[in-house]
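Each remark here refers to the structure printed beneath this line.
The values are calculated or read from the model by the stated rules, or taken from the named source; none is laboratory data. All of these numbers come straight from a predicted model, not from anything done at the bench. Please note: Cβ atoms are built from the backbone with ideal geometry, for glycine as well, and neighbour counts cover all protein chains shown.
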Amino acid sequence: MNVRKIRPSWWWYVVSAAIAVVFATASLVFLAVLFVGEISGFERVVVPATDKLELSSAGEYMIFHEYDSVVGGKVFSTGQCDISNLRCSVKKQGSKREIGVSSFGGCSFSYEIGKRRGTAISRFGIAEPGTYILTGEYTDGSTEPRIVLSIKKNTLRKVVPAVCIAVACATLSIVNAVAICAVVFIKRRKAKR
């Protein structure tokens, strides 16, 4: 009895699945590393208080209410409490002129990485790097709740393209895997005839 080998081998199904899994996983790992790096690079201050910020470059900065955070070994878990009467001001060290701080507005921007969760509340811009003084205080003079503000240069212009590239790579790997499966299926079916 002569056994006819059907070509291409069914192993191509495994190869196509491996391609999809490897590239989709690589895209997810890339995004996780990107976001963890972004979140860990935030400056954090506990308010109400006044604190120094070392801002390394000119540009727009975002202020987040980090409602789940750790600062100096102390855990803060305030939830998304009402901070509508929180006023933030920023000025360059040695200057009396305040830099305009505006509400974030527009779309919502939040993050949740590990034990840190936050949402954007304000933004401000600086013309030069240096030491800046951030004051966060409640307009009614309250000293509670004590919350964490995290400050980071607005990197959305860097993050959004990276996310798009990662999603495109994952999608293309899945489309490639489906195409390989389709070709293998059609060729194997023809070979069986």
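Per-structure values
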| quantity | calculated |
| --- | --- |
| Checking Ile174 against (1) assigned to a strand (DSSP E or B); (2) among the β-branched types (Val, Ile, Thr); (3) over 13 Å from the mean Cα position of the chain (by Cα), the condition it does not meet | (1) |
| Val71 being of a type in the set (Val, Ile, Thr) and either more than 18 Å from Gly118 (Cα to Cα) or at pLDDT 90 or above (or both) | no |
| Test result for Glu66, under 13 Å from Leu149 (Cβ atoms), modelled with pLDDT of 85 or more, within 23 Å of the chain's Cα centre (by Cα) and among the acidic types (Asp, Glu) | yes |
| Region 36-50, subset in contact with a strand residue (DSSP E or B) (Cβ under 9 Å, 6 or more places away or on another chain) and not in a strand (DSSP E or B), residue modelled with the highest pLDDT | Pro48 |
| Count - residues of region 131-155 that are in a loop (DSSP other than H, G, I, E, B), farther than 18 Å from Thr78 by Cα and within 26 Å of the chain's Cα centre (by Cα) | 2 |
